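The values are calculated or read from the model by the stated rules, or taken from the named source; none is laboratory data. Model, not experiment: these values are computed from the prediction. Because the Cβ atoms are built from the backbone with ideal geometry, glycine has one as well, and the counts that use them run over all protein chains shown. Just so you know, the surface numbers come from the protein's heavy atoms only, side chains and all, with ligands and any DNA or RNA stripped out. Shrake-Rupley method; radii C 1.70, N 1.55, O 1.52, S 1.80 Å.
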Amino acid sequence: MLAGVLPVLTGVSVRQYRDQAAAERARAEQTARLAELDRRQAVLAERARMARELHDVVANHLSAVAVHATAVLSAPGLDSDRVDAALRVIRESSVQGMAEMRQLIGLLRGPAGEDPAEGPTRVRLDELDRLIERVAAAGLAVRATVTGTPRPLPVGVDLAAYRIVQESLTNALRHGAGAAELSVAYEPAEVVVTVENRIGGDGNGRLPGAGAGLIGMRERAALLDGRFSAGPRDGRWRVVAALPTGASG
């Protein structure tokens, strides 16, 4: 009996070990495939995020350069003081834009895992005064109001809110008419930024040239599970972004 049973038991055990090894190999291969898919998705998401950052960092300064260069070229009879003022704005915007772009490119070339949101390009809502000053120097008056009690915000929310305001004011400078209205509301569970300006041109409710900017703002809000809307309203262009801050209501 032993001579007949032992080979059978040995064969069963060997087969079980082989099946278990095959299952482990299959699980390992599946885990590797899932890890590769996650890595590719992370790379694509990071590329999209950095593309938005690069667009937002440079667009504001290039818009100021374009507006003032156009003004100088279209009015050849300007006195020297006004020409000098326009050239100063062009120079400051160019230098600032180049500096921010170098910082961002430096972060891209830096050590893996370094978060650009924590680096030199880190901007916050409490730095809006400087942004408003730059926009005003470029020719756009901004009336800003803050409601609620300002408080520290999560890094992603702070950066997204600033970039949305920056892109909205850039669009107002390029395509709007008159002053822009900026509102920042600190709600218990979210921060709401609103930018509104009179529509320029033919006033038909279209924003000429809008594309990557609006898409980028919408994506920023969506990544934070926030709300975003942009469009004409009573002859004015209105952008509203509500970003949750993670605080309990």
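Couple of notes before you dig in:
- Computed lengthening from residue 96 to residue 133, 0.36 nm per intervening residue step minus Cα-Cα distance: 12.0 nm
- The simple spin-label model puts a point 7 Å past each Cα toward its Cβ; for residue 234 and residue 126 those points are separated by 3.4 nm.
- Fully extending the segment from residue 28 to residue 146, taken as 0.36 nm per residue of separation minus the present Cα-Cα distance, adds 37.1 nm.
- Sulfur and carbon atoms: percent of accessible area, the range 128-192 [1.4 Å]: 54
- Protection-proxy order for peptides 160-168, 12-20, each taking the mean of Cβ atoms within 10 Å per residue, highest first: 160-168, 12-20
- The local environment of residue 86, defined by Cβ-Cβ distances under 14 Å, has a net charge of -1 under the rule Lys, Arg +1 and Asp, Glu -1.
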